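Here the structure is laid out as structure tokens; the discussion comes afterwards.
Throughout, read-outs are computed from the coordinates displayed, never taken from laboratory work. Fair warning: this is a prediction, and the values are worked out from it, not measured in the lab. Here the Cβ is made from the backbone with ideal geometry for all residues, glycine too, and neighbour counts use every protein chain on show.
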Ligand SMILES: C[S@@+](CC[C@H](N)C(=O)[O-])C[C@H]1O[C@@H](n2cnc3c(N)ncnc32)[C@H](O)[C@@H]1O
């Protein structure tokens with residue numbers, strides 16, 4: 001088995017395991033990531049008959065919102081994990097969205113013909129794809145000439161306390177292996193120009209990057225810790241073999257740190273993402 005196959009197998013299993021957390025915390029996660037979806041939609045300039053491909057759709061965003069913007073168009077939601085796409089279908093059904101389909105596939109091996117789509121989105125998926133250059137060539141291949149690709153990635157941990165607070169607390173109790181710079185991890189694509197260089201190598205033009213602010217809002221510090229420890233890939237993996245007393249010490253540390261972000265009866269923790277757009 002190639003190492004890329006192993007990465008895909010681990011990712012498939014990881015996201016199958018995280019899917020319940022993503023469904024449970026859907027409204028909190030979607031409120032946090034909403035501004036990034038809005039930025040992607042603005043940068044893609046969606047027409048009402050858009051044929052759109054959403055990569056690593058997970059529970060369906062931004063693909064389902066794009067389907068709403070394109071009532072005469074069609075959206076294909078794709079992901080490696082069928083459990084995540086099942087949630088996307090439930091979310092679509094709850095919202096009465098019908099102009100979409102789901103397809104289980106890996107981003108670097110797309111089962112679509114050349115020049116099929118007007119646009120492609122990848123919200124917080126790039127960092128988990130084993131061969132990002134091959135995947136970007138696939139995105140370019142399935143775009144029609146003049147079509148646009150827009151993706152988002154997290155920029156460095158220091159600018160994303162919504163995740164780094166939890167990871168620092170875990171690291172105070174657990175020895176964490178440094179992330180493999182070429183392996184899947186949340187900040188793998190963080191460097192300015194990293195994704196732009198992939199777009200450029202795939203032959204895209206008019207490439208631009210912009211930053212988008214997000215805020216994670218929870219009712220209490222305790223709720224913050226509960227949701228982070230149930231859906232953030234880095235945190236869930238790090239906590240896998242942690243015993244209950246250690247978990248309780250980590251929770252206490254996190255809750256004390258997060259209290260500094262309490263404003264007007266809620267917790268508001270900031271973060272920053274980068275959106276990258278290019279045209280075929
Ligand atoms: C952080 S979630 C993003 C979900 C959604 N786009 C959003 O922004 O809410 C990352 C998704 O990438 C998917 N994924 C991981 N590796 C993948 C691959 N090689 N090809 C396609 N999807 C992949 C996971 O299954 C997961 O659903």
222 nm [θ] for the chain, helices only, -39500 (n - 2.57) per DSSP H run of 4+, per residue, to 500?
-14000 deg cm²/dmol
Can you compute the modelled spin-label distance between residue 133 and residue 256, with each label point 7 Å from Cα toward Cβ, in nm?
4.7 nm
How big is D, in µm² s⁻¹, for the chain by Stokes-Einstein at 37 °C and 0.692 mPa s if Rh is the Kirkwood radius over C-alpha pairs?
171 µm²/s
Post the alpha-carbon centroid distance, region 176-247 to region 20-86, in whole angstrom.
18 Å
Tilt relative to the chain, helix 244-258 - C-alpha long axis, 0 to 90 degrees, to 10:
80 degrees
What share of the DSSP beta bridges in region 3-279 is antiparallel, in percent to the nearest 5?
55 percent
First measure r as the distance between the Cβ atoms of residue 158 and residue 206, then evaluate 1/(1 + (r/R0)^6) with R0 = 22 Å and state the FRET efficiency to the nearest 0.05.
0.15
To the nearest 10 degrees, the tilt of helix 26-44 (Cα long axis) against the first principal axis of the alpha carbons of the chain is 30 degrees
Over the Cα atoms of region 10-66, compute the convex hull volume and normalise it per residue, giving Å³.
88 Å³
Give me 196, 259, 106, 27 sorted ascending by neighbouring Cβ count inside 10 Å, so fewest comes first.
27, 259, 196, 106
Fraction in percent of alpha-carbon pairs per bin - 5 Å, region 55-137:
3, 15, 28, 26, 18, 8, 2, 0
With each pseudo-label sitting 7 Å past Cα toward Cβ, what's the residue 236-residue 93 distance in nm, one decimal?
2.2 nm
